[in-house]
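Taking it in order: structure first as structure tokens, then the write-up.
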């Protein structure tokens, strides 16, 4: 029988709650107009005084004006997005918005990658801040004690030895071990296979869609030394099915890992 992790169920419940709240807010003006229509129908049948109807009419006009402004904004956004080329999402380097997403993260952070040698020094203050706000931080790396694994990873990176890969992973794991916090949850796991994608997921468990984002880096084989592994792309909830796809992929990879236990 296939089991569904409790964390996954809770995450889906939060997303459902957030989606319901978003739907309500997006359609609030429509709901007000419907209620106003019902009100005017009843008052016209009962012959209500104009002293009541006049203020309601003014308020209704205000709601209509707000609705028109929001509709124009949405149309402008759709028009702008329609002008994007099919491959504009894919980048050769990390976008500036990625740094903003790191600073906005409040509830959770999930890293999946090979060594974390570059990311950890840049994220360590954000990790401590998230933990200090009683958040959850998860790190998933290849097992540095798996000789075949580190050799496989080194084979995809010309000019890099297995010992160098092992050393970088171990250094990141050691640094994570010395992060102290009286709040929050820091979890570290290792996997027995090379990840084919790098993931930095911010606030996946948040109900605030503006905070939820996933930075994805595809690990191409043997890239040139002066370029990032590409493509790189940042997903938000506006990307809908693809955001959900990589969010679910992140959870599957995490579930495939085992708790890291340092060798004494």
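The values are calculated or read from the model by the stated rules, or taken from the named source; none is laboratory data. Just so it is clear, the model here is predicted, and its values are computed rather than measured. Ideal geometry is used to build each Cβ from the backbone, glycine not excepted, and the neighbour counts take in all protein chains shown.
Hey, any hits in region 216-223 for a residue that's touching a strand residue (DSSP E or B) at 6+ places or on another chain (Cβ under 7 Å), modelled with pLDDT of 90 or more and farther than 24 Å from residue 89 by Cβ?
no
Restricted to region 195-208, and to residues that are in a loop (DSSP other than H, G, I, E, B) and surrounded by fewer than 16 Cβ atoms within 10 Å (Cβ to Cβ), which residue is modelled with the highest pLDDT?
Looking at the filtered set, the residue picked out is 196.
Would a scan of region 170-186 turn up a residue that is assigned by TED's automatic domain parsing to the domain that holds residue 235, under 26 Å from residue 237 (Cβ atoms) and surrounded by fewer than 15 Cβ atoms within 10 Å (Cβ to Cβ)?
Yes, region 170-186 has at least one match.
If I ask for residues that are within 13 Å of the chain's Cα centre (by Cα), touching a residue at least 60 places away in the same chain (Cβ under 8 Å) and not in a strand (DSSP E or B), which ones from region 85-141 would you list?
Those that are within 13 Å of the chain's Cα centre (by Cα), touching a residue at least 60 places away in the same chain (Cβ under 8 Å) and not in a strand (DSSP E or B): 97, 98, 101, 102, 104, 105, 106, 107.
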